[in-house]
1. Among A:Lys428/A:Lys485; A:Lys32/A:Lys528; A:Lys428/A:Lys496; B:Lys69/B:Lys90, which pairs are too far apart, with a Cα-Cα distance over 23 Å?
2. What's the local net charge at A:Gly490, with K and R +1, D and E -1, over the other residues with C-beta under 13 Å away?
3. Short version: ³J(HN,Hα) in whole Hz for each residue of region A:258-275, in order, from phi by Karplus 6.51 cos²θ - 1.76 cosθ + 1.60 (θ = phi - 60°), x for Gly and Pro, what are they?
4. Shielding of A:228-234 by partners, i.e. mean partner chain Cβ atoms within 10 Å per residue?
5. If you plug each phi of region A:3-9 into the Karplus form 6.51 cos²θ - 1.76 cosθ + 1.60 with θ = phi - 60°, what whole-Hz ³J(HN,Hα) values come out, in order, with x for Gly and Pro?
6. So which aspartates and glutamates pass the test for A:Lys204, namely a Cα distance under 16 Å, with those fewer than 8 places away in the same chain ruled out?
7. How much length, in nm to one decimal, is gained on full extension between A:Ile169 and A:Glu270, taken as 0.36 nm per residue of separation minus their Cα-Cα distance?
8. Select from A:Asn376, A:Pro224, A:Gly14 the residue farthest towards the positive end of the dipole of the protein assembly as shown; place +1 on Cβ of Lys and Arg, -1 on Cβ of Asp and Glu, and compute about the Cα centre.
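Since every read-out is calculated from the coordinates, none of them should be taken as a lab result. Given the structure is predicted, the values throughout are model-derived calculations rather than measurements. Using ideal geometry, Cβ is built from the backbone for each residue, glycine included, and neighbour counts are taken over all protein chains shown.
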Amino acid sequence: MVQRLKEVDVVVIGVGMVGSIVAKELAAAGYKVVGLERGEPRFTVPEFQSPAIHDELRFDVRKALMQDNTREPVTFRNQGSQLALPVRRWESFLPGTGLGGSMVHWNGQTYRFQATDFQLATRTRERYGKTFLGPDVTIQDWGVTYDDLEPHYDRFEYLLGTSGKAGNIKGKIQPGGDPHESPRSREYPTPPMKEHFSGAMFRKAASSLGYHPFPQPSSNLSQPYTNPEGVKLNACVFCGFCERYACEHYAKSVPQTVILPVLLANPNFELRTGCQVQRINLDSTKKQATGVTYIDAVGREFMQPASLVITSMFAINNIRMLLLSGIGAPYDPAKGQGVVGRNYAYQTMSTVASFFDEGIIVNPFMASGASGTLINDFAGDNFDHSGLGFIGGAFIGAVNTNGRPIQYHPVPPGTPAWGKGWKQAVVKHYNHTVMFSLHGSSVAQRQNYCDLDPTYRDAWGQPVLRITFDFPPNDLKMAAHVTAKAVDIGKAMGAKQVVGSPRTGPYTVTQYQTTHNTGGTVMGENPKTSVVNRYLQSWDVPNVFVIGASNYPQNASWNPTGTLGALTYWAIDALKTKYLKHPGRLVSA
Amino acid sequence: MNARIRPRLAFVAGCTLIAAVRAALGSGAPAANSDAATPPCEACHGAHGEGMAAAHVPRIAGQSADYLKKQLDDYAQGSRDNPIMANFAKALTEPQRSALAARFAAMSAPFIAQSAPPGAAQLARGHQLAFQGDEEERVQACNNCHGPDGVGLVHSAPYLAGQSAEYLASAIKAFQQGTRKNDAGQLMRSVVEHLNESDVEAVAGYYGNLGSAMH
């Protein structure tokens with residue numbers, strides 16, 4: 001029997017980064033907000049404390065903080081002609097679960113996208129011509145500009161306390177920062193992290209080649225910081241257990257350390273954990289949401305009526321929630337019509353390993369998730385793509401996030417994969433190898449999309465999400481080009497051997513790359529090619545807002561979290577100043 | 001009591017011990033594996049580096065050499081403030097500081113039980129702070145950095161287990177009050193500033209009571 005609950009103003013589905021921020025703002029504005037979180041409540045104390053939190057087997061190999069794919073898997077295939085199979089072990093990407101969401105296990109790399117990224121289709125046409133890209137590439141403009149988002153990027157970075165060095169403040173280039181960045185209104189809230197030896201070598205070599213190295217913006221903090229919400233964070237200790245782990249030191253900016261203490265203290269907010277939302281309920285016109293239906297941890301079914309529903313789940317789960325609820329037309333790749341699931345994109349990761357002899361000691365275990373040294377000279381549209389046959393790029397950086405014993409063993413090609421020879425090579429190279437990360441953009445392509453799987457269902461009997469994805473040729477060309485540039489930097493560092501590994505196809509879901517799944521509920525100005533308008537409001541059901549990296553029409557050369565934080569505050573601003581005063585469509589279709 | 005002991009120590013230190021340190025160390029580095037303390041250190045830190053709890057002088061036997069060396073350097077440079085130790089440290093050359101640190105790191109000393117052991121409630125609170133921390137106070141577990149059971153992590157954090165409760169409490173207070181600020185990134189200050197006086201006594205008493213198993 002379904003139990004009908006008392007109506008509230010707002011239901012937030014997923015209490016991660018986006019959900020915590022939205023709920024905090026709306027509860028503070030006086031609205032009754034219920035946050036539904038499928039996972040468990042968890043806090044820095046006691047859940048994240050050492051030594052248990054440094055269990056590499058449990059968290060790194062067995063992915064203890066991730067979505068339970070025995071109950072809620074996704075299926076995957078490279079091509080529409082193939083049979084999709086369930087992903088039984090997370091490898092390529094790692095969607096989290098539980099209070100605080102995926103951000104709990106992030107690395108803290110906090111970027112802004114550049115002004116050109118938000119008008120990628122227009123920019124590409126204007127700079128390289130209408131026929132530069134083939135018809136299968138479905139990139140499009142975002143419907144917002146960098147200038148729209150700048151105040152919201154700023155607010156998000158000051159919420160997190162991000163440690164970095166500005167490269168461009170109000171148009172004035174700042175020494176030591178990234179000269180390619182779009183203008184920011186002020187300096188980062190805290191100074192950059194300490195530079196690793198590998199970063200120092202990278203800086204010297206990149207400078208000698210005429211590039212522009214800068215410190216990676218980090219939300220593992222360089223010094224204690226009290227954010228505008230009054231919540232205090234500590235400085236990072238460089239323990240090397242950021243990504244895939246939670247931070248025991250209150251030093252990584254996650255909902256628990258930046259906003260949940262404020263949200264949970266507000267009596268207008270109620271957190272319910274262990275709640276698996278089944279669908280957003282619509283009225284008979286299908287144009288208005290009436291609330292959500294969820295099943296709690298002991299299997300009881302509830303209907304929670306609400307005036308406003310906000311889906312703030314991990315990107316792929318936002319897509320699935322709309323499909324399960326019948327909101328928006330599902331995308332059909334054969335016809336190129338429909339919108340939900342369209343423009344699913346990812347990230348095109350390549351690496352370069354520079355092997356030194358014993359005289360160079362890099363101590364990879366002294367690390368934070370975001371204390372590298374980078375260049376943006378080959379990211380985005382920061383270089384001329386004429387004649388190259390691709391768009392996009394990658395940042396290149398000596399980004400040393402960890403030297404953990406089970407997972408980190410750089411060895412040169414030709415090393416045996418196991419046994420004595422392998423062990424000897426690991427000992428020889430562990431402390432004398434500099435790894436570069438090449439963090440590449442990802443264009444949307446007609447054949448890449450998400451829909452509901454026709455065969456597999458989750459533990460509650462609902463169809464799981466099916467992902468169909470392979471690397472677009474555009475991105476593989478980009479990876480080859482940028483990797484060659486990065487190899488030159490490795491050589492300029494004086495390495496004995498430099499090994500470039502550009503990303504090649506086909507995409508495999510069984511090898512870790514990055515948890516930057518984007519698209520599927522993209523934002524835009526045209527309801528025929530977007531799921532939500534520029535304020536992240538559903539075109540079809542105006543009292544549903546969808547907020548996530550699923551809003552990105554395609555993915556840029558940087559980690560997506562900073563931009564998602566900016567979009568979150570952008571949408572909150574529209575909710576508070578426009579929608580909640582006059583509920584209805586904010587943009588006419 | 002402490003207030004009465006401290007000026008006397010300061011006087012002794014100022015008048016005679018600096019010369020004694022210089023004489024004992026000479027120009028060469030002392031042997032790191034000697035089990036006898038260098039005479040002037042011995043006056044306060046004990047013949048085996050066991051410390052002098054009543055005077056808030058820490059046990060340094062078996063303490064991490066990296067940690068001890070950093071403290072001597074910090075006393076010499078002023079980022080750790082203590083008139084007695086500053087005088088000593090400034091009188092030493094850098095190799096002499098390294099050698100002293102190595103010598104005490106190699107020593108062992110018997111555990112000295114606290115004269116007034118903590119009560120059950122105090123031990124329980126101390127155990128909680130040591131192992132788990134306190135989310136209400138936003139204090140993380142001490143053992144995160146100071147190692148399992150507070151035994152220390154060789155290159156980064158000193159042992160707490162078996163350290164004198166009196167010294168631990170005064171060290172925490174020094175970080176709280178800002179008279180000690182040689183913690184990179186304010187790592188100590190930002191944690192202990194959340195502790196009230198009874199928490200300080202509890203966690204100090206807890207670690208002070210742990211030593212029998214550790215030393």
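1. A:Lys428/A:Lys485; A:Lys32/A:Lys528
2. +3
3. My calculation for region A:258-275 gives 10, 8, 4, x, 6, 4, 5, 7, 8, x, 6, 10, 10, 9, 10, 9, x, 10 Hz in order.
4. So the per-residue partner count for this stretch is 2.
5. Listing the rounded values in order: 9, 8, 9, 5, 5, 10, 6 Hz.
6. A:Asp178, A:Glu195, A:Asp377, A:Asp488
7. Extending this stretch completely gives an extra 32.4 nm.
8. Final value for the positive-end residue is A:Asn376.
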